[in-house]
1. Which whole-number percentage describes the relative contact order of region 344-418, with Cα contacts under 8 Å and a sequence gap of 6 or more?
2. Send over a whole-number figure in Å² for the accessible area per residue of region 306-431, probe 1.4 Å.
3. Give the ranking of C51, C480 by solvent-accessible surface, highest area first, calculated with a 1.4 Å probe.
4. Can you list residues from other chains, or at least 5 along the same chain, whose modelled amide H is less than 5 Å from the amide H of S235?
5. For region 106-215, report the accessible area per residue in Å² (1.4 Å probe, heavy atoms, rounded to an integer).
6. Each residue of region 503-512 in turn: what ³J(HN,Hα) in whole Hz from Karplus with 6.51, -1.76, 1.60 and θ = phi - 60°, glycine and Pro shown as x?
7. With unit charges on the beta carbons (Lys and Arg positive, Asp and Glu negative) and the dipole taken about the Cα centre of region 80-152, which residue among Q133, F115, A96 sits farthest to the positive side?
8. Need one number: % antiparallel among DSSP beta bridges in the chain, to the nearest 5.
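The values are calculated or read from the model by the stated rules, or taken from the named source; none is laboratory data. Remember, predicted model here, so these are calculated numbers, not experimental data. Here the Cβ positions follow ideal geometry from the backbone for every residue, glycine too, while neighbour counts run over all protein chains shown. For the accessible areas, the whole protein counts, side chains as well, though only heavy atoms, and no ligand, DNA or RNA atoms are used. Shrake-Rupley method; radii C 1.70, N 1.55, O 1.52, S 1.80 Å.
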Amino acid sequence: MASGDVYSHRDPMLKKRDDFEDILEERRNSSDLRYALRCYTPLLYKGVTACTSSMLKSMVLQSDKLHHVISQVSKESGRETNDIQEEASAILEEMAHCLQLSTVRFFAFTLTKVFKSLFKSICVNEEGIRRLQQAIQEHPVVLLPSHRSYMDFLLMSYLLYTYDLTLPVIAAGMDFMGMKFVGEMLRMSGAFFIRRSFGGDKLYWAVFSEYVKTMLKTGFAPVEFFLEGTRSRTSKSLTPKLGLLNIAMDPFLKGEVFDVSVVPVSISYERILEETLYARELLGIPKPKESTSGLFKARKILSEDYGSIHVYFGQPVSVRSLAEGKVNRCQFNLVPRHIPGKPGEDIHSFVNDSAYKLVRAQEENMVLKPWVLLASLLLQHQAAGQKQGVALGELTAQAVWLRELSRQYGAFLHWPDQITPSEVVSSSLSLHRGLVRICEGKVQLAVEQEGGGPVGPGDPPGAATPEEKLLSRAVIVLSCASYRNQALHVFLRPALLASAIHAASSNQKQEVFNSFSFLRNMFSNEFILCPGATVEDFEEASFLLVKTGALQVTQQEVVVTEGGRRTLAFLVSMLDPFLQGYQVVCRFLCEEATETLTEKQFIPAVRKFIIKHLLAGGLRYAEVLSSDLQKNSLAAFLRLGAVQKVSGAAQVTLKVNTVMVNSLEDTLGGKLPTEKAVAARL
């Protein structure tokens, strides 16, 4: 372990953040129609002449790169180049946006009505808007919003229209094309549609990448996409997908533009519209197909209160600055720019490191509401078996303690200081009344409600089986966990260190570091942990725990102080559901995995195994039912070589190294009850 003075680590409390303005305040006091029809004159990139969607398509179809790929595909397939040219044209027609101001104005009017009904406030850092306005005029801009809700891309366009900024063109999945009328309206408000996967379709990739690069190079509009690739169902940041970021950085790397500005945007919801839907998906209940009729059925949510949204536009990040000293761009001079080539290892590593930094920037500017802290505490009380709940006064005192700890750790916490803590807590509990109940002054998660199956509120009751009751409770627990997860980036590194201290066989610093390193490596599919930053993360965690008086760290030892036990117990409990989730997957792989277990069968089989253990009382956390946690654990075991994929004639099976999986389970903190012990309990 590289030695370093942990005390020199930059204090996250010193990070300066912008103030917010509520944009709905003005909307509530003026005409929605006048707002939608107002004069809209955004400033363009370096005063470039406005370019139409049809001109953009012509530029793509006439590009040297596309002609080169068409020629290649023709040689490989034996087809006429005219046929392939027509196919390329059809792909672009299906994909391309067709921005129309009249549609944008319709959305501006409609969304104002919807937002005023759903939300108390939509708060934006206007300093960030000013920075973005400047960036749009100077360089091509890429917008990278976090992705927690379908609302995200509508909200982004709405905000840019509100502030008279150039509307973005937005990468959207083909799912939305299935929505009659709505799909085309999204296209006319700036969405372009891409397939979820291209396979080895060279032509599709060429059309898609050239389309995005042409928009960037011409400064047509900011290009917006979600770095995580899909909505996070758990409110944790997902491992970044690199395809679009590679394309967005390519014009700079090949010297076609001087620089590209990348703007991370953090969107924080006090209450997520899809909270129950996400929990059901994680339990294996398929999401409803996107449809216009489904959209109209969802109108009932307009009568609900979803609290506030905070949108933070981060500092524009210069790709030129990111690449300085890390990428040798001379390599791109060796071949003509229009000839596509696979990026080298240094480019892949640079894009990957940049992606992690950008997701971390999103995380750091996520605004946490009081409910996030309350959900963290209530989940720990529930897991500890406090069936009667926790007294409201005690919960409030714990929340105030956790508020101070999270602020010390640099959390961007939005806690109203003008009202008393008990009022803040009561208000939060009221907003999330579907997830909690208060009885005789005690608060607990609403997990004991009788239900007819793995459903949320509003579905028909019935005589439920033990399994249905369990899944019904799990919907509440997973919904609550999604709010707790919003704070994980704040506590993650100290929690890894706390768990490492808990697991290490001594308080020797090297021993604790080894334990920390193992856990960090194990969970690198679960959380955003920048590659190659183990020592930095250990030092950051040490700094925070020493600063808050929980640890004393010398050259040789890491010692927990008397006053630090409470902090460490809380931090260990934060990670415990994930530890138990990985342990139970280890147990499944050793006991139940057969030689014919396929990748497709893995999630249903492990879910069945976990339900059996939960019903037998062998597990503490219903959270381990989350398919996200199960997929991440399998990805970790594949990465570590404990499980291997074996390609057969018809399907991919999973080959388990039982000795290695057993060893990992032991290192993760002890064995779960055996099959025999579970059978005895049942």
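1. Numbers: 33 pairs, mean separation 32.8, N = 75.
Worked out over region 344-418, it gives 44 percent.
2. Details: 5470 Å² over 126 residues.
Solvent-accessible surface per residue comes out at 43 Å².
3. Details: C51 35, C480 0 Å².
From most accessible down to least: C51, C480.
4. Under 5 Å from the amide H of S235: no residue qualifies.
5. Working: 3460 Å² over 110 residues.
On a per-residue basis, region 106-215 sits at 31 Å².
6. With coefficients 6.51, -1.76 and 1.60, one gets 8, 5, 7, 8, 9, 5, 4, 5, 5, 5 Hz.
7. F115
8. On the way: 25 of 43 bridges.
Expressed as a percentage, antiparallel bridges in the chain total about 60.
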